[in-house]
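K.L.:
Supplied in structure tokens, the structure appears directly below.
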Amino acid sequence: MSLQGTTGIVTGGSRGLGRAIVEALLARGAKRVYATSRTLTEIDFDDDRVTPVQLDITDHEAVSAVAERCGDVDVVINNAGALFASSFITPRSVDAARIEMDTNYFGTLAMARAFAPVLATNGGGVMVNILSAASFYSLPSNASYSASKAAEWSLTNSLRIELHAQGTNVIGVHASFIDTEMTAAVAVEKISPADVAGQVLDAVESGVPEVLADARTRHIKETLPRHLTTLYPELQRQWDAGETPWHVP
């Protein structure tokens with residue numbers, strides 16, 4: 001699918017990876033991009049092809065209203081997400097898990113349900129879900145986020161099957177650490193938002209179903225069947241020693 005002359009919507013499009021995707025869409029010739037944020041003042045692109053849209057994807061009525069307003073969309077990028085770095089057995093774990101699941105899973109589901117008919121009307125188009133390397137494993141220090149991303153990965157794979165008949169390509173994007181505010185506290189090698197955005201749009205144009213954006217993510221998925229013997233023992237050692245594992249070693 002050529003992006004020249006397309007119309008896209010990018011949730012969480014005011015900063016970080018979302019902003020990089022908006023800029024990449026414009027650079028590849030999109031005629032309009034709806035950039036969403038929970039706060040309109042955060043959206044400050046100097047390009048009249050960008051239309052700011054206020055949207056909290058956990059508000060399903062608002063999602064439906066935006067889908068009605070943005071009826072010309074043929075590229076949907078579900079980028080908005082939440083991360084609270086919470087384990088399961090802590091005082092705030094239930095609240096963190098609920099917000100992450102409401103945003104990462106149910107929010108993406110709401111977007112898919114609202115925009116699938118729009119994409120069908122406009123010829124099929126593309127839906128991209130920004131997932132995570134954490135879709136493939138779980139850390140106790142980040143457990144509820146990993147669970148929400150695993151659920152979103154499962155959602156993505158099912159949507160790909162459900163929407164195939166209407167001509168919609170569904171793409172799942174997995175990355176480990178992207179150099180954004182969300183990962184600012186983690187001192188590891190990171191991939192740039194522009195790099196990931198470029199890979200996302202390459203996938204849109206070539207029609208591939210999945211992006212594994214960096215070497216760490218590719219290794220994690222490749223070794224998924226062996227994680228109980230190759231990955232979790234080291235994470236267990238760190239946790240038992242009082243260390244806080246933030247990433248797969």
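FYI, it's all coordinate maths here, none of it is from the lab. The structure displayed is predicted, hence computed values, not measured ones. Because the Cβ atoms are built from the backbone with ideal geometry, glycine has one as well, and the counts that use them run over all protein chains shown.
K.L.:
Straight-line reach from residue 221: which lysines have a Cα under 26 Å away, not including same-chain ones fewer than 8 places off?
P.N.:
149, 190
K.L.:
Treat each spin label as a single point 7 Å out from the Cα along the C-beta direction, and report the residue 121 to residue 92 distance in nm.
P.N.:
Once both label points are built, they end up 4.1 nm from each other.
K.L.:
Taking only C-alpha pairs under 8 Å that are 6+ residues apart, what is the relative contact order of segment 35-158 in percent?
P.N.:
Working: 179 pairs, mean separation 34.4, N = 124.
Across segment 35-158, relative contact order equals 28 percent.
K.L.:
Also, quick follow-up: Mind pulling up the Rg/Rh value for segment 1-106? Radius of gyration and Kirkwood radius, both on Cα. Walk me through the numbers before you get to the answer.
P.N.:
Values: Rg = 15.2 Å, Rh = 14.6 Å.
My calculation of the ratio gives 1.04.
K.L.:
Can you give the net charge of the other residues whose Cβ lies under 13 Å from the Cβ of residue 26, counting K and R as +1 and D and E as -1? Present the calculation step by step, with values, prior to reporting the outcome.
P.N.:
Working: positive: 19, 28, 31, 32, 49; negative: 23, 46, 47, 48.
Every neighbour counted, the sum reads +1.
K.L.:
Then there's this: How long is the gain from residue 205 to residue 229 if the chain were fully straight, where each residue apart is worth 0.36 nm and the alpha carbon distance is subtracted? All intermediate terms of the calculation are to be shown ahead of the outcome.
P.N.:
Details: separation 24, 0.36 × 24 = 8.64 nm, distance 3.80 nm.
Between residue 205 and residue 229, full extension yields 4.8 nm more.
K.L.:
Kindly provide the helix-only [θ] at 222 nm of the chain, computed as the sum of -39,500 (n - 2.57) over DSSP H runs of four or more divided by all residues, to the nearest 500 deg cm²/dmol? Provide the component values of the computation, followed by the final result.
P.N.:
Values: 9 runs with 99 residues, N = 249.
Helices in the chain give a 222 nm mean residue ellipticity of -12000 deg cm²/dmol.
K.L.:
May I pose another question? Among 71, 156, 4, whose Cα projects farthest towards the positive end of the dipole of the chain, with charges put on the beta-carbon of Lys, Arg (+1) and Asp, Glu (-1)?
P.N.:
The Cα lying farthest towards the positive end belongs to 156.
K.L.:
Please identify the DSSP H helices in the chain that span no less than 18 Å along the helix axis (Cα) and have a mean Kyte-Doolittle hydropathy of 0.5 or more. Present the calculation step by step, with values, prior to reporting the outcome.
P.N.:
Numbers: long enough: 108-121 (20 Å, 1.29); 143-162 (29 Å, -0.33); 193-206 (20 Å, 0.36).
Helix filter hits for the chain: 108-121.
K.L.:
Projected onto the charge dipole of the chain (+1 at Lys/Arg Cβ, -1 at Asp/Glu Cβ, origin at the Cα centre), which of 99, 37, 173 gives the Cα projection farthest towards the positive end?
P.N.:
Positive-end residue among those listed: 173.
K.L.:
Just how large is the dipole of the chain about the Cα centre, in debye to the nearest 20, putting +1 at every Lys and Arg Cβ and -1 at every Asp and Glu Cβ? Walk me through the intermediate numbers first.
P.N.:
Values: 19 positive and 29 negative charges, 84 e Å.
For the chain, the charge dipole is close to 400 debye.
K.L.:
Hey, of [x] 41, 31, 20; [y] 34, 23, 16; [z] 31, 19, 17, which did the structure itself give for semi-axes √(5λ) of the Cα gyration tensor in Å when calculated?
P.N.:
The listed entry that was calculated here is [z].
K.L.:
Points 7 angstrom from Cα along the Cβ direction at residue 243 and residue 154: gap in nanometres?
P.N.:
The modelled label-to-label distance comes out at 3.1 nm.
K.L.:
Still on this structure: So if R0 is 41 Å, what FRET efficiency would residue 195 and residue 236 give, r being the distance between their Cβ atoms, rounded to the nearest 0.05? Don't jump to the answer; show the numbers that get you there.
P.N.:
Numbers: r = 33 Å, r/R0 = 0.79.
For R0 = 41 Å, the calculated efficiency reads 0.80.
K.L.:
May I pose another question? In percent, what relative contact order does the chain have, based on Cα pairs under 8 Å that are 6 or more apart in sequence?
P.N.:
Working: 461 pairs, mean separation 44.6, N = 249.
Here the relative contact order equals 18 percent.
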